[in-house]
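What follows is a short report on a single structure.
Bear in mind these aren't lab numbers, they're just calculated from the coordinates by the rules spelled out. Predicted model, so just to flag it, every value in this text is computed and none were measured. With ideal geometry, Cβ positions are generated from the backbone for all residues, glycine too; neighbour counts draw on all protein chains shown.
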Amino acid sequence: MIVIFGATGTIGAPLITTLLTKGIALRAVTSDASHVAALEAQGCEAVVADFEDAGALAQACKGAQKAFLVTPAHQEMGRWKANVIQAAADAGVQHMVMSTGLGASPKAKLTFGIWHSDSQELLKESGMDWTLLQPTYFTQNLLWQANNIANENTYLDDVGGPVSWVDARDIADMAAEALTSEGHHGKAYGLTGEEALSGEDITALLTQTLERDITCRGVSPADARANMIASGMIAEVADAMVELGGLAPKGYLAGIETTVQDVLGRPARRMADFIAENKATFGG
Ligand SMILES: NC(=O)c1ccc[n+]([C@@H]2O[C@H](COP(=O)([O-])OP(=O)(O)OC[C@H]3O[C@@H](n4cnc5c(N)ncnc54)[C@H](OP(=O)(O)O)[C@@H]3O)[C@@H](O)[C@H]2O)c1
């Protein structure tokens with residue numbers, strides 16, 4: 001039995017699909033009881049447990065040999081991950097695959113890197129076998145811009161430099177591989193796509209696929225922060241996002257990792273294909 005935390009999220013949802021396709025017995029964890037029926041209809045067990053609820057987390061881990069853990073970007077995510085790691089270790093889970101972020105290490109100086117590093121160190125000390133997935137910006141973040149792309153023909157570039165976007169389905173495929181095959185214990189996998197794309201590059205791909213002119217508009221860090229907060233993001237997380245985005249103009253978010261090809265034996269998914277798959281969402 002594998003227990004999946006964050007099961008309905010950007011990484012969790014494709015991970016559930018992939019593992020069910022492989023015929024693996026799963027327990028999906030959600031904090032929202034209204035998600036249970038849909039998860040069960042997919043063919044897995046589904047339980048309700050909030051990251052704050054130690055008793056429910058203990059129940060969720062009961063009888064599981066392996067676990068996958070991701071939490072939303074949240075200022076409490078360190079404490080939430082600590083609660084799950086504790087529950088899993090206490091329940092006798094043997095191997096946990098945890099998704100954090102690229103650059104997370106004890107030497108990290110940025111907020112996200114420090115938050116994720118603290119969780120990574122906790123997992124390493126937990127007694128469980130561990131595998132870390134460390135992704136860069138998700139390709140799926142482009143969906144946050146569906147409205148301005150579809151209705152205003154504008155791509156808002158809030159980082160101002162190239163980023164080696166990774167598709168969350170590749171993160172999910174890496175998680176599935178680490179959970180179902182040998183040789184991944186004690187590994188930390190940096191995950192990126194195979195190309196670094198600037199705002200102008202993404203705008204060109206949108207223009208080509210949607211067959212109409214899309215304009216790239218730069219957004220200042222202050223406006224980016226205000227937009228994120230207006231869309232419901234917590235201020236501390238928006239600050240961390242802006243801090244991270246500040247690395248892009250220096251080229252520090254453009255590094256390419258070959259992990260997807262090396263481990264899965266196929267190329268990482270491409271932004272161009274993601275845009276084509278989601279053409280209707282972008283008003284195409
Ligand atoms: N987006 C990026 O570009 C990026 C880049 C690098 C790293 N990251 C990291 O990736 C992580 C986010 O991954 P993601 O997008 O897959 O996550 P997500 O979709 O934001 O969240 C995963 C799931 O967590 C569940 N959840 C929310 N609150 C909960 C609670 N209190 N208790 C239990 N479950 C709860 C939600 O499901 P229910 O509603 O069903 O409970 C949600 O679907 C963050 O740690 C972020 O820092 C993101």
Could you work out the per residue convex hull volume over the alpha carbons of the chain, in cubic angstrom? 126 Å³
Add +1 for every Lys or Arg and -1 for every Asp or Glu among the other residues with Cβ under 14 Å from the Cβ of ASP129, and state the total. +1
Quick one: 3J(HN,Hα) in Hz for the stretch 41-58, Karplus 6.51/-1.76/1.60 with θ = phi - 60°, rounded, Gly and Pro as x. 5, 6, x, 10, 5, 9, 10, 9, 8, 8, 4, 8, 9, 4, x, 5, 5, 4
Distant alpha-carbon pairs in the stretch 129-170 (separation over 15 angstrom), percent: 54 percent
Charge dipole magnitude, Cβ of K and R +1, D and E -1 - the stretch 109-173, Cα centre, debye nearest 20: 60 debye
Non-local residues with an amide H under 5 Å from the amide H of THR154, with H modelled 1.01 Å from N and Pro and chain starts lacking one, are ILE149, THR215
Antiparallel bridges, percent of DSSP beta bridges restricted to the chain (to nearest 5): 5 percent
Number of Lys-Lys pairs in the chain under 18 Å by Cα, sequence gap 8 or more or different chains? 10
Please check the chain for the longest run free of trypsin sites (Lys or Arg not before Pro) that are loop-located per DSSP (anything but H, G, I, E, B) and have at most 16 other Cβ atoms within 10 Å. 110-211
